[in-house]
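To keep things clear, I will list the structure first and then write my remarks on it.
FYI, it's all coordinate maths here, none of it is from the lab. As the structure is a prediction and not an experimental result, all values here were calculated from the model. Virtual Cβ from ideal backbone geometry, glycine too; neighbours counted across all protein chains shown.
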Amino acid sequence: MELDTIAAEVLSPLGYVVLEASIRSSGRQPRVLVRIERADEAPVTVADLQRASYALGHELERLDPIAGRYLLELESPGAERPLLTARHFERFLGLKAKVRSPEGNFTGRIQGVHEGRVTFRLDTEEERTLELGRFKANLAEWPQTPR
């Protein structure tokens with residue numbers, strides 16, 4: 001079973017959404033990094049991270065999908081938050097995003113989301129519209145108040 005599937009199955013019933021789950025090599029032991037957000041879109045608290053870490057840690061010990069020792073780290077999305085779904089783009093409408101696409105990389109302000117497509121406005125006032133799932137994006141700025 002894949003790490004992201006395990007994490008989602010454990011954390012979804014607790015009210016969390018898994019944004020990213022990966023194993024990274026660093027030093028002597030691998031680092032298991034899981035980024036979560038709350039399903040109710042409230043800010044992730046330290047208590048949320050503790051609760052999620054405890055639940056996921058126990059399930060990983062039970063299933064033992066990773067050979068040897070590893071370090072489990074749970075994080076909130078942070079300043080370079082990945083934008084994966086239409087709802088993510090809607091939540092952060094008006095903010096800048098770093099976009100990587102087959103058509104080229106750019107930074108643009110999120111202008112709108114419609115029928116599975118996201119429109120960005122670049123600093124040059126040019127607009128680019130891309131289909132969800134055909135590009136990767138992260139926030140390039142953080143909102144002054146939680147969204």
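Here's how it looks for residue 81: its modeled amide H is under 5 Å from those of 139, which are all 5 or more places away or on a different chain.
Among 119, 145, sorting on how many other beta-carbon atoms sit within 10 Å of each Cβ, with the fewest leading, yields 145, 119. Classify the chain as rounded, prolate or oblate, taking a ≥ b ≥ c as the square roots of the eigenvalues of its Cα gyration tensor: rounded when a/c is under 1.5, otherwise prolate if a/b is larger than b/c and oblate if not. The shape class here is prolate. Over the stretch 3-75, one equal point on each Cα, no solvent: what is log10 I(q)/I(0) by the Debye formula at q = 0.17, 0.19, 0.22, 0.23 Å⁻¹? Computed log10 I(q)/I(0) values: -0.58, -0.71, -0.94, -1.02. When both bridge partners sit in the chain, DSSP labels roughly 85% of those beta bridges antiparallel. Looking at the stretch 41-79, the trypsin sites (Lys or Arg not before Pro) that sit in a DSSP loop and have at most 11 other Cβ atoms within 10 Å of their own Cβ are 69.
Think of the chain as a dipole: +1 on every Lys or Arg Cβ, -1 on every Asp or Glu Cβ, centred on the Cα centre; then among 143, 63, 13, 143 lies furthest on the positive end. Can you classify the stretch 82-139 as rounded, prolate or oblate using the Cα gyration tensor, where a ≥ b ≥ c are the square roots of its eigenvalues, rounded means a/c under 1.5, and otherwise it's prolate if a/b beats b/c and oblate if not? Since a/c stays below 1.5, the shape of the stretch 82-139 is classed as rounded.
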